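Student: One structure coming up, written as structure tokens, with questions to follow.
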Ligand code: 9MR
């Protein structure tokens, strides 16, 4: 086949991201989250949990982390109900906002009746420390102090036992204690009726945050509850968000609900957040109208039966997504057609047939680069171009090369830029993986150097922009050292969900390893290295593992390169409901492989019998590594079947597979 036409139809929107059909997935396209307040008692309700798991990637316990639940009597903590929610969230790849540590309401009477400052200070600090310690590493952000400002025109704190005994400094004290308790958690101040910029209450909170920032009092974010009347947000809401953000804090919409849920009001609220880069996410205060604390006003995105309301579509559209039920025609041009042509029901088939291009990209040796093979490609489509990074190999070792082109028909003629010319430098660098880490608005190039290494760049098209290599690990993790045998530590692969990032690697000895860190800590903090998969026949689970998120599903796809009984390279595949989950075989045998020469039509000549190390064409370019299951394409390395000799001198070239038995 000639690889042009539809092969260049990148499933991206104008912003260069794939479009998704759920609130959480669409918010993630811009590095944001979309969350819901959740009640532990409703997790067993199937309609409720189906929507929760499908739509939301952040969860706030609606009442379960409040003082009257977690420390009903002094020093006696009960985290049971909140644990239920946190465990549910963790097992569904959702992050958690902790709500709330210090609040005058839902406060047990043993606290509100304390009469001396020292006792109250001890009690408050102990409450914060114990609760945050219990959830260390599991809560992304805490509402450290909630609703401390008075309504009306004073701009001052409201009376409370904390204010009355400890004075204005109680908020600062709470934030300082919180920072020591979990330095990795984001610390937020949360309040209502602070959305209108000119209100005295808004200005009071603004002065406090400005003061905290100027004195180095730890604060990372401000939560705007956004409990709105039918009119929705005040006209100045975006100004309020951006003014707070300009102080150096993140801003979030934390408890959104709008009386009668008018579509325009929801769209305006979401748009205000989308227009402020430090507005990192939106949480609605409940799922169905019947779940709401103001149920009579039907203020949420789903009706009592769990159906999407008009406001749902308005919110999804404002996030940049395409409501599944929308009947208006999408643009005809394939280059701008949304990837959400994948229906939500689209799923992977259980066997795969392919058609391959001929060799598309071959080495371009120059005076200082004597290259035998070009291999291990990684590819993204961004700003109208394909960006390909690959290993270049020769008997003298490995390096990295970069090229870009607008159409696969031009791939062969694109100039090659050797990355040893920049800060990445010369020496052993191989098997690159490129992605845009949306939370940091930065490109990452991950590669192997003997360690797992990475460089960063703000402009993928500038090959000189990559930083010098840095390592993910201080040294090879023990578990790898203990299992690697005579193998090699190769093929590092990073993928993130909405809470964590995972680093996979192989050992050419039958083991696939996985380490983990939080999204917030990435690229640091990779620990907990485990064996994610293994095979006593090392050739059956050899190397070049990839993990992808399947668009509009809760599925992840793992492929691993194997060496067949004929000595040729091919791929096996597995699926899992979570990246850290256990993998179930999909097309995982020599007779039913994921991709193999025997299941591929070589319409422009059988130039290779090996389908070896490569990468899928993704639906977007971010750290979620999302693929469209309706349109699977795999850029791979192949070689002349008659070639032999020294492995590093083999004449690898790149070709593109397109799946031919798509079920959608
Ligand atoms: O939604 C919560 C409701 O179930 C509780 O009865 C109520 C008790 O005060 O708290 C509600 O949530 C509040 C949140 O914790 C703080 N901001 C206002 C919310 C709505 O009252």
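The values are calculated or read from the model by the stated rules, or taken from the named source; none is laboratory data. Source: prediction; values computed, not measured. So basically every Cβ, Gly included, is an ideal-geometry build from the backbone, and we count neighbours across all protein chains shown.
Student: Being in contact with a strand residue (DSSP E or B) (Cβ under 8 Å, 6 or more places away or on another chain) and farther than 11 Å from residue 419 by Cβ is the filter here, so list the residues in region 457-467 that pass it. Let's see the steps before the verdict.
Tutor: Initial filter on region 457-467 (in contact with a strand residue (DSSP E or B) (Cβ under 8 Å, 6 or more places away or on another chain)): 457-461, 463, 465-467.
If the condition is that a residue be in contact with a strand residue (DSSP E or B) (Cβ under 8 Å, 6 or more places away or on another chain) and farther than 11 Å from residue 419 by Cβ, then 458, 459, 460, 461, 467 are the ones that fit.
Student: Okay, moving on. Any idea which of (1) in contact with a helix residue (DSSP H, G or I) (Cβ under 7 Å, 6 or more places away or on another chain); (2) not in a loop (DSSP other than H, G, I, E, B) is the one residue 204 doesn't satisfy?
Tutor: Of the numbered conditions (1) in contact with a helix residue (DSSP H, G or I) (Cβ under 7 Å, 6 or more places away or on another chain); (2) not in a loop (DSSP other than H, G, I, E, B), the odd one out for residue 204 is (1).
Student: A further question follows. Within region 586-600, how many residues are farther than 30 Å from residue 94 by Cα and either outside any strand (DSSP E or B) or modelled with pLDDT under 95 (or both)? Please lay out each step first, then the result.
Tutor: Of region 586-600, the ones farther than 30 Å from residue 94 by Cα are 589-593, 595-600.
Okay, now just the ones that are also either outside any strand (DSSP E or B) or modelled with pLDDT under 95 (or both), so 589-593, 596-599.
Matching residues across region 586-600 total 9.
Student: Something else now. Does residue 136 qualify as being crowded, with 21+ Cβ neighbours inside 10 Å and on the phi < 0 side of the Ramachandran plot?
Tutor: Details: crowded, with 21+ Cβ neighbours inside 10 Å: no; on the phi < 0 side of the Ramachandran plot: yes.
Judged against the criteria, residue 136 is not a match.
Student: Pull up region 31-46, narrow it to residues that are part of a loop (DSSP other than H, G, I, E, B) and more than 10 Å from the chain's Cα centre (by Cα), then point me to the one that is farthest from residue 269 (Cα to Cα). So that I can check it myself, show each step before the final result.
Tutor: First pass over region 31-46, keeping only residues part of a loop (DSSP other than H, G, I, E, B): 31-32, 39, 43-45.
Filter once more, so that each one left must be more than 10 Å from the chain's Cα centre (by Cα): 39, 43-45.
Numbers: 39: 24, 43: 28, 44: 31, 45: 29 Å.
Residue satisfying both the conditions and the ranking: 44.
Yes or no, residue by residue, for (1) in a loop (DSSP other than H, G, I, E, B); (2) touching a residue at least 24 places away in the same chain (Cβ under 8 Å); (3) within 13 Å of the ligand (Cβ to nearest atom):
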site: 48; (1), (2), (3): no, yes, no
site: 53; (1), (2), (3): no, yes, no
site: 64; (1), (2), (3): yes, yes, yes
site: 78; (1), (2), (3): yes, no, no
site: 84; (1), (2), (3): no, yes, no
site: 90; (1), (2), (3): no, yes, no
site: 98; (1), (2), (3): no, yes, yes
site: 105; (1), (2), (3): yes, yes, yes
site: 111; (1), (2), (3): no, yes, no
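Student: Mind checking which strands (runs of 3 or more DSSP E) fall wholly inside region 487-585 and carry at least 3 residues that are in contact with a helix residue (DSSP H, G or I) (Cβ under 6 Å, 6 or more places away or on another chain) and under 16 Å from residue 595 (Cβ atoms)? Spell out how you get there, then give the answer.
Tutor: Values: elements: 490-496, 500-506, 511-518, 527-534, 543-550, 556-563, 569-576.
Because the criterion is at least 3 residues that are in contact with a helix residue (DSSP H, G or I) (Cβ under 6 Å, 6 or more places away or on another chain) and under 16 Å from residue 595 (Cβ atoms), the strands (runs of 3 or more DSSP E) in region 487-585 that meet it are 556-563.
Student: Quick check on my filter: what residues within region 297-318 are more than 13 Å from the ligand (Cβ to nearest atom), part of a loop (DSSP other than H, G, I, E, B) and closer than 16 Å to residue 232 by Cβ?
Tutor: We begin by selecting, within region 297-318, every residue more than 13 Å from the ligand (Cβ to nearest atom); these are 298, 301-318.
Going one step further and asking which of them are part of a loop (DSSP other than H, G, I, E, B), we end up with 298, 301, 303-307, 309.
Within region 297-318, 298, 301, 309 meet the criteria.
Student: Could I ask something else about it? Does region 249-256 contain at least one residue that is over 18 Å from residue 26 (Cα atoms), in contact (Cβ under 8 Å) with a residue 12 or more places away in the chain, in contact with a helix residue (DSSP H, G or I) (Cβ under 9 Å, 6 or more places away or on another chain) and buried (at least 24 other Cβ atoms within 10 Å of the Cβ)?
Tutor: yes
Student: Further, regarding this structure: I'm checking my understanding of the structure. Among residues of region 66-76 that are surrounded by fewer than 19 Cβ atoms within 10 Å (Cβ to Cβ) and in a loop (DSSP other than H, G, I, E, B), which one is farthest from the ligand (Cβ to nearest atom)? Working first, answer last.
Tutor: As a first pass, look at region 66-76 and keep what is surrounded by fewer than 19 Cβ atoms within 10 Å (Cβ to Cβ): 68, 72-76.
Subset that is in a loop (DSSP other than H, G, I, E, B): 72, 74-75.
Numbers: 72: 15, 74: 21, 75: 24 Å.
By that ranking, first place goes to 75.
Student: Can I ask one more? Give, as residue ranges, the strands (runs of 3 or more DSSP E) completely inside region 389-473 that count at least 3 residues that are over 25 Å from the mean Cα position of the chain (by Cα) and either farther than 24 Å from residue 561 by Cβ or at pLDDT below 95 (or both). Quick ask: steps written out before the conclusion?
Tutor: Numbers: elements: 397-405, 430-437, 442-448, 452-457.
The qualifying strands (runs of 3 or more DSSP E) are 397-405.
Student: Could you tell me whether residue 229 is surrounded by fewer than 19 Cβ atoms within 10 Å (Cβ to Cβ), within 16 Å of the ligand (Cβ to nearest atom) and without any contact (Cβ under 8 Å) to a residue 40 or more places away in the chain? Walk me through how you get there before you give the answer.
Tutor: Working: surrounded by fewer than 19 Cβ atoms within 10 Å (Cβ to Cβ): yes; within 16 Å of the ligand (Cβ to nearest atom): yes; without any contact (Cβ under 8 Å) to a residue 40 or more places away in the chain: yes.
It is true that residue 229 is surrounded by fewer than 19 Cβ atoms within 10 Å (Cβ to Cβ), within 16 Å of the ligand (Cβ to nearest atom) and without any contact (Cβ under 8 Å) to a residue 40 or more places away in the chain.
Student: Quick check: anything in region 277-296 within 16 Å of the ligand (Cβ to nearest atom), more than 21 Å from residue 60 (Cα to Cα) and either out of contact with any helix residue (DSSP H, G or I) (no Cβ under 9 Å at 6 or more places or on another chain) or not in a loop (DSSP other than H, G, I, E, B) (or both)? Walk me through it before giving the result.
Tutor: Narrowing region 277-296 to residues within 16 Å of the ligand (Cβ to nearest atom): 282-296.
With the extra rule that they be more than 21 Å from residue 60 (Cα to Cα), the set shrinks to 296.
If we keep only those that are either out of contact with any helix residue (DSSP H, G or I) (no Cβ under 9 Å at 6 or more places or on another chain) or not in a loop (DSSP other than H, G, I, E, B) (or both) as well, we get 296.
Yes, region 277-296 contains at least one residue that is within 16 Å of the ligand (Cβ to nearest atom), more than 21 Å from residue 60 (Cα to Cα) and either out of contact with any helix residue (DSSP H, G or I) (no Cβ under 9 Å at 6 or more places or on another chain) or not in a loop (DSSP other than H, G, I, E, B) (or both).
Student: Quick check on this structure: which one of 619, 658, 606, 597 is over 21 Å from residue 563 (Cα atoms) and surrounded by fewer than 24 Cβ atoms within 10 Å (Cβ to Cβ)? Reasoning before the result, please.
Tutor: Numbers: 619 fails: surrounded by fewer than 24 Cβ atoms within 10 Å (Cβ to Cβ); 606 fails: over 21 Å from residue 563 (Cα atoms); 597 fails: over 21 Å from residue 563 (Cα atoms).
Among 619, 658, 606, 597, only 658 is over 21 Å from residue 563 (Cα atoms) and surrounded by fewer than 24 Cβ atoms within 10 Å (Cβ to Cβ).
Student: While we're looking at this one, here's another question. So is residue 197 under 20 Å from residue 64 (Cβ atoms) and in contact (Cβ under 8 Å) with a residue 40 or more places away in the chain or not? Working first, answer last.
Tutor: Values: under 20 Å from residue 64 (Cβ atoms): no; in contact (Cβ under 8 Å) with a residue 40 or more places away in the chain: yes.
No; evaluated as a whole, the condition is false for this residue.
Student: If you don't mind, another one. Please work out which one of (1) more than 16 Å from the ligand (Cβ to nearest atom); (2) surrounded by 19 or more Cβ atoms within 10 Å (Cβ to Cβ); (3) under 31 Å from the mean Cα position of the chain (by Cα) is the condition residue 236 fails and give its number.
Tutor: Status for residue 236: all satisfied but (2).
Student: Would you confirm whether any residue within region 203-225 is within 16 Å of the ligand (Cβ to nearest atom), within 24 Å of residue 265 (Cα to Cα) and over 27 Å from the mean Cα position of the chain (by Cα)?
Tutor: No, because not a single residue in region 203-225 is within 16 Å of the ligand (Cβ to nearest atom), within 24 Å of residue 265 (Cα to Cα) and over 27 Å from the mean Cα position of the chain (by Cα).
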